[in-house]
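For reference, the structure is listed below as structure tokens.
The values are calculated or read from the model by the stated rules, or taken from the named source; none is laboratory data. This one's a predicted model, so the numbers in the text were calculated from it and none came from an experiment. Ideal geometry is used to build each Cβ from the backbone, glycine not excepted, and the neighbour counts take in all protein chains shown. Only protein heavy atoms, including side chains, enter the accessible area calculation; ligands, DNA and RNA are left aside. Shrake-Rupley method; radii C 1.70, N 1.55, O 1.52, S 1.80 Å.
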Amino acid sequence: MKLTCLLLLTFMMSLSAQKLPPSSLQALVEGNASSTVRVLIYEDLQCPDCADFRKMMDQDLIPRFKSTVAFEHRDFPLAKHAWARSAAVASRYFESIAPALAVEFRKATMAAQEKITAENFQDHLTAFATANKGDPRKAVAALTDALLQDRVEADYQEGVARGVARTPTVLVNGDPFIETFPVADIIRSIERELAAAKK
């Protein structure tokens, strides 16, 4: 037990030590994209803890910080989740149409996690595309698009290089929050970074 706690502490310290610059790849950002205070979110669209964090974002973080903070999404689909990588690729397809559409797809997918399976994921995808006046055939074809797949993999490998192993891993200018955490703690961290940015 002591060894596990020590390893977790070491991992969190290594993440915290990295003050992260914006990715060289174009990021999907909610809030103020030009802010120096960046909340980097490594997420898996099939992950229940990520769905809980999405609710936290919608209820508490975005309303409070949308004009002052950049919330950057990174795809980190876990191997244990059968349709997470396909969902990440689909999100990149919708992002190529409009970033706001990708955000809505991510929200809709996480909200419907309990209903989605590997077998019916394409039904979910085509239903979302149709409801948003898109071409469902293009959406499904995008799942095999090598460029979109590479972008998801680049996010994943970036996360691996930084020591990310669980989702969500949320970094507030490098300050790590992993899997589950109180909203008050992450708000405090964001407010601390905003105050520091004003100095």
- [ ] Determine the order of T167, T36, T126 by accessible area, beginning with the largest, at a probe radius of 1.4 Å.
- [x] T36, T126, T167
Open item on the list: Quick check: at a probe of 1.4 Å, how many percent of the accessible area of the chain sits on carbon and sulfur atoms?
Closed with: 56 percent
Open item on the list: Which one, A82, A98, A139, has the greatest fluctuation when you compute a Gaussian network model over the chain with C-alpha springs under 10 angstrom?
Closed with: A98
- [ ] Quick one: give the max-minus-min coordinate of the C-alpha atoms of the stretch 96-148 along each principal axis, largest first, in Å.
- [x] 28, 23, 19
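In debye, nearest 20, what is the charge dipole magnitude of the stretch 35-112 about its Cα centre with +1 on Lys and Arg Cβ and -1 on Asp and Glu Cβ, if you could check?
Its charge dipole is roughly 60 debye.
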Open item on the list: Over the stretch 153-199, what is the relative contact order in percent, taking alpha-carbon pairs closer than 8 angstrom and at least six residues apart?
Closed with: 24 percent
TODO: Report the full-extension gain for the segment R166 to T180: residue separation times 0.36 nm, less the Cα-Cα distance, to one decimal in nm.
DONE: 4.0 nm
Open item on the list: Report the Cα-based extents of the stretch 130-198 along its three principal axes, largest first, to the nearest Å.
Closed with: 46, 31, 26
Task: D175, D44, ranked by accessible area, largest first (probe 1.4 Å) - done: D175, D44
Open item on the list: Could you tell me how far the Cα centroid of the stretch 140-179 sits from the Cα centroid of the stretch 38-55, in Å?
Closed with: 11 Å
- [ ] Set Lys and Arg Cβ to +1 and Asp and Glu Cβ to -1, take the dipole of the chain about its Cα centre, and tell me which of V103, F71, L148 lies farthest positive.
- [x] F71
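Rg to Rh ratio, the chain, alpha-carbon atoms and Kirkwood radius? Provide the component values of the computation, followed by the final result.
On the way: Rg = 16.8 Å, Rh = 17.3 Å.
Rg/Rh: 0.97.
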Open item on the list: Charges on Cβ only, +1 for Lys and Arg, -1 for Asp and Glu, centred on the Cα centroid of the stretch 81-199; of V170, F121, I186, which one is farthest towards the dipole's positive end?
Closed with: I186
TODO: Would you grab the residues whose amide H sits under 5 Å from the one on H81? Only those 5+ places off in sequence or on another chain, please, with H modelled 1.01 Å from N.
DONE: none
Task: Solvent exposure of the chain as accessible area per residue, Å², 1.4 Å probe - done: 52 Å²
- [ ] Would you mind working out the magnitude of the charge dipole of the stretch 66-199 relative to its Cα centre, with +1 at each Lys and Arg C-beta and -1 at each Asp and Glu C-beta, to the nearest 20 Debye?
- [x] 280 debye
Open item on the list: Restricted to Cα positions, what overall size does the stretch 21-134 have along the principal axes? Three whole-Å values, descending.
Closed with: 41, 29, 28
Task: Charge dipole (debye, nearest 20) of the stretch 120-194; +1 at Cβ of Lys and Arg, -1 at Cβ of Asp and Glu - done: 180 debye
Open item on the list: Please list Y156, Y93 from largest to smallest accessible area, probe radius 1.4 Å, with all protein chains kept in place.
Closed with: Y156, Y93
Task: the chain, relative contact order in percent, only Cα pairs under 8 angstrom and at least six apart counted - done: 31 percent
- [ ] Within the stretch 64-164, list the trypsin sites (Lys or Arg not before Pro) lying in a DSSP loop whose Cβ has at most 16 other Cβ atoms in a 10 Å radius.
- [x] K66, K80, K115, K133
Open item on the list: Once ligands and nucleic acids are excluded and a 1.4 Å probe is used, how much of E30 is accessible, expressed in Å² to the nearest 10?
Closed with: 20 Å²
- [ ] Quick one: work out the % antiparallel among DSSP beta bridges in the chain, nearest 5.
- [x] 65 percent
